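J.: Okay, here's the structure, questions in a sec.
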Amino acid sequence: MRAADYTDTQITEALFAMSVINFTNLFNRVNDTTINFPALV
């Protein structure tokens, strides 16, 4: 990624975002979270 001119900060932020998404997915699957979004018409 450094060869593509990404800074260390940008790389860290991308890894953090992926970690948060993975943790949220795991948490929701383990706890069988109910999704209560309104139905689309």
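The values are calculated or read from the model by the stated rules, or taken from the named source; none is laboratory data. Note that the coordinates shown come from a computational prediction; the quantities given were computed from them, not determined experimentally. Glycine also receives a Cβ, built like all others from the backbone with ideal geometry; neighbour counts cover every protein chain displayed.
J.: Does residue 1 fit the bill of being of a type in the set (A, V, I, L, M), modelled with pLDDT under 95 and out of contact with any Cys (no Cβ under 7 Å at 6 or more places or on another chain)?
T.: yes
J.: Let me ask you something else. Which of the residues that make up the chain are among the small types (Gly, Ala, Ser) and either in a helix (DSSP H, G or I) or touching a residue at least 24 places away in the same chain (Cβ under 8 Å) (or both)?
T.: 3, 4, 14, 17, 19
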